[in-house]
Structures are given as structure tokens and as C-alpha cells.
Amino acid sequence: MTHPTDRPTPAWWRTASIYQVYVRSFADGNGDGVGDLAGVRSRLPYLRDLGADALWFNPWYLSPMADGGYDVADYRDIDPLFGTLAEAEELIAEAHRHGLRVIVDLVPNHCSDQHAWFREALAAGPGAAERERFWFVPGRGENGELPPNDWQSYFGGAAWTRITEADGTPGPWYLHLFAPEQPDLNWEHPEVRGEFESILGFWLDRGVDGFRIDVAHGLAKKPGLPDVGPDPDVTDLPYQDVDAVHDIYRSWRKMTNSYPGDRVFVGEVWLPTPGQFARYLRPDELHSAFNFEFLCSAWEQQAVRGVINATLASHALVDAPPTWVLSNHDTIRHVTRYGREDTSFDMGNKRLGAPTDRSLGLRRARAAALLTMALPGGVYIYQGDELGLSEVEDLPDPLRQDPTFVRSGGTDRGRDGCRVPLPWSGETTPFGFSPAGTSAAPWLPQPADWAGQSVSAQSNDPASHLSLYREALQLRRSTLTTLPEDISWLPSPPGILAFGRGGSFACTVNFTARPVPLPEGADVILASADCGDGLLPSDACAWLQLNQVLSFQPRTGALTWGSA
């Protein structure tokens, strides 16, 4: 494929392929059935050879693990479950030697109830300054027996828990937008801001290349903590997207700009409108943010095209690179979603247990992978995506650990099904997740039929899901990232998505139920399915080398070359 050679090289984060490592389920190095930093280090050559540019690590900090590590007790230390601080420093250095950058999760909205600050706040007593770092608020009602407002936790139930003072009397309530073990920090307090700038410096000094910011839209709250009310405006909620949050990120951006090497912030920003979302990506705030609209989109041509258009338009307003992601540690794996009748995703209704066709979902997942990698911007790969893993929906209830399952009384089945430990090799569990001879079972049980989906089973099969990812990521790095950061939609019939980049490359996706002819004279660079006889199969994607202009001939229903 030809491409311009005189275009300035963009900052690495504008085009990076970033692999998400959920440490607990990636690889177990010490044989206790839980993934750890030693396991990750042993698999760094795999991640390098896969074609990843950077690794994003879910929280590895000291934590009681009430929410999988998103309840942080010490932001400057590593939980013994995963290893030591020295091991983390060695992992960062070793990843860099393999050409892999490192992004670590930062959880600034809340901490653990075992954090020193929160323990000090409880011990200090009513009215103490230590409590001002959190949201301790008197209750409503005659004796303060009612929560201070009507806010609800994302994990179910009220967002408030009442404490009992040391003398046994009922005390104030504290805010936790997630689990009670995760008290929200008060970002109006200068000590909170100062502490997190110190935490950023701690990890930047150890060589991390960036931070993924958990609940990036939620740090600031409206003054007075007003009620949401019975008919809320979803664009103006009192606990998210409050203007004061942007000053925090402007301060952080100045700090990272003072370090060498293009350090980066990636925001987890769930907001209802593109305009709200784009404000976080202004040049003096975050570098990029996850594109959840794309993840949630149905596998339909018009829906996908609409999300792509909206994404590119909103990011263009602030000259930020878009990102494309299909799954993560909070969502249903997309192989399962794409095999359902309703292929969209909704965090409020995950539809766990809905009938799914794995072969159909896998076919669509292969096509979706090529589509995301062909688009301009950055792409995220959740561990196991490259293996074509499905959601594990039949986990026994006693083994589920997600607090959303517990707090919902089991009505929300939780997120454990996408967090099952990876299969690396072998015919039986633990499929190489733990060292040979290990007696400890994986912390979540693996399906017995995962042997054929392991890394070793797929590595030498050129038609495997893993081989497709490896080839696509290598081509993306060598060629596609050099193309312009925009696309041109090409004429196409209903159900066909086709766009070009840079005049020499096209990506075509067939969303219909029948094969469609590929243009005569077009060279297939890579395809998600066999394009024998010049046909692009149903639910397939092809990367094409352009020699002429793509057009659609209505009479024949074929994609052909002709004048624009």
C-alpha cells in the first residue's frame, strides 16, 4: 500500500493500539490462582508480538478488593495479591524494553473505606477536619434517620450510608456513588487536590506513560448536593459533569506537560451528549477518552455509521483523536453481544442470559475488529478479545464477586463473566493461566471448552482469531497509522459500509445476510473471512488497496470501480 512519507509523525497516543490488562485474570505467576505482576512480566513478549503499542493496567494498588481493586487503600503501593512496588517498577522498565508503554488506572472519585484518610475521619469524631475530605452530611428527618438527598448508587440502593460514632450514637451519612466500601472524596478540599497531584508525580517519576481516569466525569458535585428529583434532566445531574471538574484536569495537564515523553490522560467519560463529552478533550484537559457510544452501538450499518460520524465530528471540534473499543472489564464481551437478536449494549440492562449464537457473534466480532482498527485514532483491545472469548454467563452464584451482584440481590448478574482468567495452553483448566503443577484453582472457573480458544491452540492457525488480530495490528502500526486522521464515505448500497483513507486504502463491511461482490481489480489486503470468488461474505470486513474510485452499480448490486 502506498502512503505519504512527508506527513509529521503524530504523538503516539493519537494512533496507539492499547491492550487492557485486568491483572487478576491475565496470568498467574506464583500459582495461587490469581493473576499477578510476575505473570504479566512472563507474557510481555506475547503482548509485544501481538502488536500492542501500550498496556493499560486496571488498579494494582493496595485494596480490600471490595470492587476488584477500584476501592484503593494506598495509591502508592501494590496489593500483595499482585506483587510488590519493586515488581511494578521492574514491570514498567521491562515493558519499555519491549517497546510497550504503560498506562495505569487512577481512581480519584473515591477511595476505600480502609484508606488511612477514611479511618482517620471515622476516628476523629463529629465536626473534625478529617471528615471534610469526604462528604459527611447530616441526615434528613426528625432524627437524621433519612439520607441527605435522593441520590442512588450506581451499584444499586442509596448512595449514602450512616455511620455510628464511637460512643454508639448515630452519626452523619457519607456519600458513596458506588459501594459503601468506596466513600467519595470531596474535591472541593485542597488537601484532596494536593494529594492526587502528589500521587500523579509518584507514578510519573517511576516512568508510567499515562493514566486512565476512572469516573472522570464524576469528581465534582453541585454545591449543596441537591436532589436529583423525580424527572431529572440527564444532561444536568448534580453528581456528574459539574463545571468544576475541568479545572482539575487543566491543572493535571500542566503537570504532565512538564514531563518528557508525551505522557497521556485517558478519561472514562459516560455522558449523554457529544458536546458534553468533547469538553473533556479540549487541548488543555484530557488527551483522549473512551468511546462508549461505539461500544454500545448495535451491529447495524446505519447505527454504526451514525456513531462513527458523531464520534469524528465531536472530536474534530477539539482536535482530539477518537478512540474505538468493543469490550472492557465492565461490559458483556462483544462476541456474546453480537450473537444476540439485539446486538446493542446498555449498562442498565445487560440482558445476561439472552440467547446468543456464538458462531454468528464470532463472525461479527472478527469484522468489528478490522473495522475498529481501520478507523483513525486509537484502538483498545480488552484482554481475551484477540482470542474471541465469549462472556461466561453460567458462573455459580456463590463464586460471583462483583458488588453489583450482591447489592442488587442478584437481579444484576454482575461483571464477573468478562473477567474469567485467560486460557493460555493445555487441554484442561487452568489452561496455562497458572504454572504447571499448581493446585490452586483460578479465582473464577474457566469453561471446560476453552482449550480450543487458548493462545497455544490459535497461534499456529492462520485462520484463527488470534492470527487475525496479530496481522491486523501489525498492518495498522506499519501503514494505517500513517494515513490522514479522517475518512471519506464511499458510495455503497444499503447494508454496506465503505470508507476510504488517504486515497489508497478502503475498508468495507458487509452487514447484509448475503455475499456481495468486491470491486474488480481491488487488492484485498486483509479480510475477516474468506473472500473467494471475489465475494465479501455476510458479516465480514475487508481492507482494500485502492487503484480507482469505489462506486455502487444499482442494477447489479455490485461494488465497482468508476469515476467519482
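The values are calculated or read from the model by the stated rules, or taken from the named source; none is laboratory data. Owing to the predicted nature of the structure, the values given are computational and were not obtained by experimental measurement. Cβ coordinates were reconstructed from backbone atoms using ideal geometry, including for glycine residues, and neighbour counts include every protein chain displayed. Note: accessible area is taken over every heavy atom of the protein model, side chains too, but ligands, DNA and RNA are not part of it. Shrake-Rupley method; radii C 1.70, N 1.55, O 1.52, S 1.80 Å.
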Compactness summary of region 1-116: radius of gyration and Dmax from Cα atoms, Å, are 16.3, 57
Nearest 10, in degrees from 0 to 90: the angle of helix 85-97 to the longest Cα principal axis of the chain is 20 degrees
For region 395-410, in residue order, the Karplus 3J(HN,Hα) values (coefficients 6.51, -1.76, 1.60; θ = phi - 60°; whole Hz; Gly and Pro = x) are 4, x, 3, x, 9, 5, 10, 5, x, 5, 5, 5, 6, 8, x, x
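Which whole number in µm²/s is D for region 492-553 by Stokes-Einstein, with the Kirkwood Rh taken over Cα pairs at 25 °C and 0.890 mPa s?
214 µm²/s
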Here P(r) for region 454-498, Cα-Cα distances in 10 Å bins, as whole percents, is 23, 27, 34, 15, 0
If one compares the long axis through the Cα atoms of helix 190-204 with the longest principal axis of the Cα atoms of the chain, the angle in degrees, nearest 10, works out at 40 degrees
Rounded to one decimal in nm, the spacing of the 7 Å Cα→Cβ label points at residue 46 and residue 258 is 4.0 nm
Expressed in angstrom and rounded, the centroid-to-centroid distance over alpha carbons for region 337-392 and region 395-472 is 16 Å
Expected vector for region 327-338, Karplus 3J(HN,Hα) from phi with 6.51, -1.76, 1.60 and θ = phi - 60°, integer Hz, x for Gly and Pro, equals 8, 7, 6, 10, 10, 6, 4, 6, 4, 6, 4, 6
A 1.4 Å probe over the protein heavy atoms gives region 176-267 a carbon and sulfur accessible-area percentage of 48 percent
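Once fully extended, how much extra length lies between residue 129 and residue 98, figured as 0.36 nm per residue of separation less the alpha-carbon to alpha-carbon distance?
Numbers: separation 31, 0.36 × 31 = 11.16 nm, distance 4.71 nm.
Full extension from residue 129 to residue 98 adds 6.5 nm.
Would you mind working out the magnitude of the charge dipole of region 286-362 relative to its Cα centre, with +1 at each Lys and Arg C-beta and -1 at each Asp and Glu C-beta, to the nearest 20 Debye? List each step's numbers first, then the result.
Values: 7 positive and 8 negative charges, 46 e Å.
So the magnitude is around 220 debye.
By its C-alpha gyration tensor, with a ≥ b ≥ c as the square roots of the eigenvalues, how is region 330-443 shaped: rounded for a/c under 1.5, else prolate for a/b larger than b/c, else oblate?
Here region 330-443 falls in the oblate category.
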Listed by chain and number, the residues whose amide H is under 5 Å from that of residue 140, excluding neighbours fewer than 5 places away on the same chain and using placed H, are 146
Expressed in nanometres to one decimal, the distance between label points 7 Å along Cα→Cβ at residue 349 and residue 234 is 1.2 nm
The alpha-carbon center of region 275-318 and that of region 141-169 are separated, in whole Å, by 37 Å
Taking a label point 7 Å from the Cα of residue 524 along Cα-to-Cβ, the residues of region 474-503 whose backbone nitrogen sits under 11 Å from it are none
Subtracting the Cα-Cα distance of residue 296 and residue 145 from 0.36 nm times their residue separation yields 50.4 nm
Given a Förster distance of 25 Å, the FRET efficiency implied by the Cβ-Cβ spacing of residue 251 and residue 486, rounded to the nearest 0.05, works out to 0.20
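Could you give the dipole magnitude of the chain about its Cα centre, charging the beta-carbon of Lys and Arg +1 and that of Asp and Glu -1, in debye to the nearest 20?
Computed charge dipole of the chain: roughly 1600 debye.
When the Kirkwood radius is taken over all Cα pairs of region 191-298, what Stokes-Einstein diffusion coefficient follows at 20 °C and 1.002 mPa s, in µm²/s?
Working: Rh = 15.1 Å.
Translational D for this selection: 142 µm²/s.
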Over the chain, with neighbouring protein chains present, the accessible area per residue in Å² at probe 1.4 Å is 38 Å²
With region 447-521 reduced to its Cα atoms and the Debye formula applied, log10 I(q)/I(0) at q = 0.21, 0.24 1/Å amounts to -1.02, -1.08
Taking every other residue with Cβ under 11 Å from the Cβ of residue 332 and scoring Lys and Arg +1, Asp and Glu -1, one gets +3
Counting all Cα-Cα pairs in region 377-511, those more than 23 Å apart amount in percent to 54 percent
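Tell me, in nm to one decimal, what length is gained between residue 197 and residue 90 on full extension, where the rule is 0.36 nm per residue of separation less the Cα-Cα distance?
Details: separation 107, 0.36 × 107 = 38.52 nm, distance 2.32 nm.
36.2 nm is the gain from fully extending residue 197 to residue 90.
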Env charge @ residue 376, Cβ radius under 12 Å, K,R +1 / D,E -1, value +1
Mean projected area (nm²) from the convex hull of Cα positions in region 277-386 is 6.9 nm²
